[in-house]
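Visitor: The structure that follows is given in the form of C-alpha cells.
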Amino acid sequence: MMKTSRSKPFQLTCRVPGDKSISHRSIIFGSIAEGITEVDGFLPGKDCLSTMHCFKQLGVRMERISPTTVRIYGSGIRGLKEPAAPLDVGNSGTTIRLMLGILAGIPIFSAVVGDESIGRRPMDRVVLPLRKMGAHIDGRGDGRFTPLAVRGKALKGIRYNSPVASAQVKSCLLLAGLQAEGTTTVCEPALSRDHTERMLPAFGGLLRIDGRKVSVRGGQTLHGTKVCVPGDISSAAFLLAAALMGPDSQVTVEEVGLNPTRTGILDVLRQMGAEVAVEETGNWCNEPVGRITVRKGDLRGIIIGGDLIPRLIDEIPVLAVVATQAKGTTVIKDAQELKVKESNRIATTVNELKKLGAAIEETEDGMIIEGPVTLRGGVTSGHGDHRIAMAMAIAGLGSEGEVTVTDPESIDVSFPGFAEFILKIQQR
Ligand code: S3P
C-alpha cells in the first residue's frame with residue numbers, strides 16, 4: 001500500500017534512475033556485439049532485469065559490478081545459444097518486441113512467455129512484418145499473443161511502412177535487419193523514440209536516417225563499447241508533476257536524458273503555463289543530457305495530439321493528473337496506443353482519477369479533463385501498471401484527503417526508489 005497526501009511547498013534537486021529504453025538497448029546491443037560492453041547508470045528495474053535474464057538464458061555472460069553497472073561479454077549475434085527453458089519477459093513489452101527481432105534470424109528454437117499483461121498486448125505488430133522477412137513465428141491467436149514459438153531462419157530485408165509510430169516495432173525490425181540479406185527499411189507515420197538509431201553507431205553499426213525512414217544493411221558486426229545511461233525523463237516526469245500539484249514548489253532533475261523524441265512533456269508543461277528551464281550539460285553515447293527545473297505558473301488546459309503523442313506517450317497518465325489542476329479544458333487525442341500499454345491507460349487513468357473526484361471523461365482516442373478541481377482523495381489501484389500507480393500517488397500530493405494506491409509493487413518495473421522520493425517530498 002502507498003499513501004500520499006497534500007504536500008507543503010517543497011524544493012527538490014535530484015537525479016532519477018537510468019532510462020528504461022536505453023538500459024534495455026544497452027543489454028541487447030552488448031549481447032549481440034563482439035567484446036566487452038560496460039553499462040553505467042543501468043536501471044535496475046524489473047523490466048530491464050527481464051531483458052538481462054533473457055539474454056543470460058541465451059548464453060550471454062554478464063556481471064553486475066554494482067546495482068547500476070553491468071559488464072557484458074558479447075560473442076556476437078551468432079554466439080547466442082538455444083535456451084533450455086522458455087524466455088520469460090515478465091511485464092516488458094520492450095524486451096519481447098526487440099528480442100523477437102533477434103530470435104527470428106538466428107538458427108535456434110525459442111519459446112517466449114510473459115505475465116498476464118503481456119498476454120493481452122498485440123505481438124502481431126512485430127510478428128507480421130517479421131514473417132514478411134521470412135521468420136517462422138507461431139503463437140496463440142496465430143502469433144498475435146504470447147506464448148510465442150520462434151524457429152530462427154535466414155531473413156531477407158524488406159521495406160516496411162509501419163501503421164503505428166512505435167519504437168518497439170521500428171527497433172525490432174532494425175535488429176532483424178542487421179541479420180537479413182540486403183537492406184531493411186522502416187518508415188513510421190510519426191517519429192517515435194530513436195534510442196536504437198542513436199545507440200547502433202556507438203557499437204560501430206551503420207544506418208541511414210531520412211526523416212521518418214530508417215534503413216540498415218544486414219551482415220554488420222557490432223563491437224562492445226562503454227554506455228552511460230542518463231536518467232529517465234519518463235521517471236523525472238512524475239517528480240516534475242509533483243512540483244505542479246501545489247503552489248511554491250520547485251523540482252530540479254539533473255543528468256536526465258533530453259532526447260528530443262522524449263521531451264514532449266516539457267513542451268506541454270510550458271504550453272500549460274508551467275515555468276520550465278532546461279540546460280543541456282552533456283552528450284552520452286549520442287544522447288543529449290542535462291538539467292530540468294520546473295516551477296508552477298498559472299496552469300491552463302490545452303489540446304495535446306498529433307505528432308506530439310509519441311514524444312510523450314508514457315507521460316499521459318501523469319499529464320492527466322496535472323490537467324486536473326489546470327484552468328479550462330485539456331483534450332488528449334490521437335492516443336489510441338494507450339489502450340495497448342501495460343494496462344488500457346485511457347480506461348485506467350480516467351477511472352482511477354474519477355474515483356479521486358476529477359472531472360475527466362474517456363474518448364475513443366484519449367480523454368477530456370476539466371479543471372481546476374480540488375481532488376478529494378480515495379482508494380485507487382494501479383491495475384498492475386507502474387505508470388498508473390505512480391500517477392495516482394502524485395495526484396495525492398494535491399488532494400484534500402489521502403490517496404491510497406493499493407498495489408504499488410509494479411512501480412519497481414521502471415522507478416525503483418519512487419517511494420523514497422515521495423517520503424522526501426511529504427516530510428518537508
Ligand atoms: C519503448 C517504446 C514505447 C514506450 C515504451 C518503451 C521502447 O512504446 O511506450 O515504454 O523502449 O522502445 P512504442 O513501441 O509504442 O513506441
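Visitor: Suppose R0 equals 60 Å; then what is the FRET efficiency for Phe109 and Asp298 from their Cβ-Cβ distance, rounded to the nearest 0.05?
Guide: For R0 = 60 Å, the calculated efficiency reads 0.50.
Visitor: If you don't mind, another one. What list of ³J(HN,Hα) values in whole Hz, one per residue of segment 341-347 in order, does the Karplus curve 6.51 cos²θ - 1.76 cosθ + 1.60 (θ = phi - 60°) give from phi, with Gly and Pro shown as x?
Guide: After applying 6.51 cos²θ - 1.76 cosθ + 1.60, I find 8, 4, 9, 6, 6, 6, 5 Hz.
Visitor: Here is a follow-up. Can you give the Rg and Dmax of segment 20-228 based on its C-alpha atoms, in angstrom?
Guide: Rg, Dmax (Cα atoms, Å): 15.3, 42.
Visitor: While we're on this one: Tell me the Kirkwood hydrodynamic radius of segment 268-344 in angstroms, computed as one over the mean inverse distance between distinct C-alpha pairs.
Guide: Here the Kirkwood hydrodynamic radius works out to 14.0 Å.
Visitor: Let me ask you something else. Kirkwood hydrodynamic radius, computed over distinct alpha-carbon pairs, for segment 344-428: how many Å, to one decimal?
Guide: Final number for the Kirkwood radius of segment 344-428 is 13.2 Å.
Visitor: Based on the Kirkwood radius over alpha-carbon pairs, what value in µm²/s does the Stokes-Einstein equation return for the translational diffusion coefficient of segment 1-123 at 4 °C and 1.567 mPa s?
Guide: Rounded to a whole number, D works out at 83 µm²/s.
Visitor: Considering only DSSP beta bridges whose two residues both sit in segment 20-228, what percent are antiparallel, to the nearest 5?
Guide: Counting only bridges with both partners in segment 20-228, antiparallel ones make up about 75 percent.
Visitor: Work out from phi, with θ = phi - 60° and the Karplus expression 6.51 cos²θ - 1.76 cosθ + 1.60, the ³J(HN,Hα) of each residue of segment 311-328, listed in order in whole Hz, and give x for Gly and Pro.
Guide: 7, 8, 3, 7, 9, 5, x, 6, 5, 5, 5, 4, 4, 5, 9, 9, 7, x
Visitor: Based on the Cα atoms of the chain, what semi-axes does the equivalent ellipsoid have, where each is the square root of 5 times one gyration tensor eigenvalue, given in whole Å with the largest first?
Guide: For the chain, the semi-axes come out at 36, 22, 20 Å.
Visitor: Excluding same-chain residues fewer than 8 positions from Lys341, which lysines have a Cα within less than 17 Å of its Cα?
Guide: Lys20, Lys46, Lys170, Lys333
Visitor: Something else now. When you count, for each residue, the other Cβ atoms within 10 Å and take the mean per peptide, how do 2-15, 117-130 rank with the highest first?
Guide: 117-130, 2-15
Visitor: Find the centroid of the Cα atoms in segment 359-428 and in segment 84-158, then give the distance between the two in whole Å.
Guide: What the calculation gives is 33 Å, centre to centre.
Visitor: Oh, and also: Based on a Kirkwood Rh over C-alpha pairs, give the Stokes-Einstein translational diffusion coefficient of segment 70-126 at 10 °C and viscosity 1.306 mPa s in µm²/s.
Guide: 127
Visitor: Can I ask one more? Output the antiparallel fraction of DSSP beta bridges having both residues in segment 213-301, as a percent to the nearest 5. Could you put the intermediate results ahead of the total?
Guide: Details: 15 of 16 bridges.
Percent antiparallel among DSSP bridges in segment 213-301 is about 95.
A short reminder: the numbers here are calculations on the coordinates, not readings from a lab. All values derive from a computational prediction rather than experimental measurement. Glycine gets a Cβ as well: all are built from the backbone with ideal geometry, and neighbour counts include every protein chain shown.
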